[in-house]
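The values are calculated or read from the model by the stated rules, or taken from the named source; none is laboratory data. These numbers were taken from a predicted model, which means no experiment stands behind them. As a convention, Cβ positions derive from the backbone with ideal geometry for all residues, glycine included, and neighbour counts pool all protein chains shown. Just so you know, the surface numbers come from the protein's heavy atoms only, side chains and all, with ligands and any DNA or RNA stripped out. Shrake-Rupley method; radii C 1.70, N 1.55, O 1.52, S 1.80 Å.
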Amino acid sequence: QELTERLGDPDVIADSKLLMKIMSDRSKSESTVTAYDEYSTLNEELGGATELFQEAGDDQEMKEMARAEMKEIENRMNELESEIQVLLLPKDPNDDRNIMIEVRAGTGGSEANIFAGDLVDVYRKYMTNQGWKVSTMEESRGDDGGYKSITLDVKGDMVYSKMKWEAGVHRVQRVPATESQGRVHTSTATVAIMPECDEVDVKIDPKEIEMSTMRSGGAGGQNVNKVETAVDLLHKPSGIRIKCTQERSQLKNKDLAMKMLMARLYDIENEKREMEERAKRGSQIGTGGRSEKIRTYNWKDSRCSDHRLGQNFSLADFLNADIGKIIDAMAAKDQEEKLKALSEENSMI
């Protein structure tokens, strides 16, 4: 009720970020309230059906009808209890955020670059199917195809909640296109999923930043090669270095570099927090860190193995961007662990 009233507040309407947050909070609360209202109504109906059963006396037909109604109501109430439990579980505060996704080739030389490119193709297709907006922030292409590294900016509905399960080391076992002897090689690529953030989430002291400019190379018109539009930014405390050449103006490249720096610093803190939380509840789905080996893609057996789930999926489905099944399975396992931890906490009280 209070959130609905705030939507009509002129101060809220004037602040687009606050308006979006209140609308999001209202939407989340609405599901819980609706489920609870239905549960309360069913509880009253159960009382009425129980009373009817008790008053039926020797009327077996009436008793049977009341018993059937009671059973139906109790089954639905049990379902709602489970739903409400899940709705009341602590939410990941980043779930409704946009993201930056960084895919970086690991061990394996040219084949690792090509594999990184394969992952990017899958993610781009999946994101497009989700109706999300994807743009390239920076990229370094491999000599034989693919990417040495690439960072994408992704905006849409609940992006982090779905893509966070892709963070970690991905390993491929296959015969590379460049292999003449037909031998199977093992290569890796690392995926980092960084929630979008702003100055409120991350405070950066301008004195801690060292910035230099340079001329950009490559296509883009005469301005690109004659004017120093590229930005090289170093954050001294963390050692994070970002080079931005995507935009045609120095100011835009500086803004882009700062945005990427904030995301990376926030991601470091976020990773620490998640690792502590998962360790606290003895999580079986891994640390969530970018160094964790999460999946192996075996071309020979057409198999995609997720090590956190201990489950195999179709490689063809994955390459066709049908990754919803893996994401749903990870979300379900995470819910299961949270419910188990909650149950153990309650049993100790």
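State whether one or more residues within the range 72-93 are touching a strand residue (DSSP E or B) at 6+ places or on another chain (Cβ under 8 Å) and either part of a helix (DSSP H, G or I) or of a type in the set (Gly, Ala, Ser) (or both).
Within the range 72-93, not a single residue is touching a strand residue (DSSP E or B) at 6+ places or on another chain (Cβ under 8 Å) and either part of a helix (DSSP H, G or I) or of a type in the set (Gly, Ala, Ser) (or both).
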Count - residues of the range 158-168 that are surrounded by fewer than 19 Cβ atoms within 10 Å (Cβ to Cβ) and either in a helix (DSSP H, G or I) or among the acidic types (Asp, Glu) (or both): 1
Index of the failed condition, Ser140 passing every other in (1) small (Gly, Ala, Ser); (2) assigned to a strand (DSSP E or B); (3) surrounded by 15 or more Cβ atoms within 10 Å (Cβ to Cβ): (3)
Residue list for the range 177-216, filter: acidic (Asp, Glu) and surrounded by 15 or more Cβ atoms within 10 Å (Cβ to Cβ): Glu196, Asp201
Test: residue in the range 325-339 that is surrounded by 15 or more Cβ atoms within 10 Å (Cβ to Cβ), within 18 Å of Lys125 (Cα to Cα), at pLDDT 85 or above and touching a strand residue (DSSP E or B) at 6+ places or on another chain (Cβ under 9 Å): yes
Members of the range 227-276 found to be assigned to a helix (DSSP H, G or I) and of a type in the set (D, E, K, R), listed by number: Lys252, Lys254, Asp255, Lys259, Arg264, Asp267, Glu269, Glu271, Lys272, Arg273, Glu274, Glu276
Verdict on Arg171 being open to solvent by 20 Å² or more (accessible area, probe 1.4 Å) and either touching a residue at least 60 places away in the same chain (Cβ under 8 Å) or of a type in the set (S, T, N, Q) (or both): yes
Condition check for Glu72: surrounded by 12 or more Cβ atoms within 10 Å (Cβ to Cβ) and at pLDDT below 85: no
Cβ pairs under 8 Å, 6+ apart, first in the range 232-261 and surrounded by fewer than 14 Cβ atoms within 10 Å (Cβ to Cβ), second modelled with pLDDT under 85 and among the polar types (S, T, N, Q): Ser249/Thr229
Residues of the range 87-132 that turn out to be under 27 Å from Lys155 (Cβ atoms), open to solvent by 10 Å² or more (accessible area, probe 1.4 Å), aliphatic (A, V, I, L, M) and out of contact with any helix residue (DSSP H, G or I) (no Cβ under 6 Å at 6 or more places or on another chain), as a count: 0
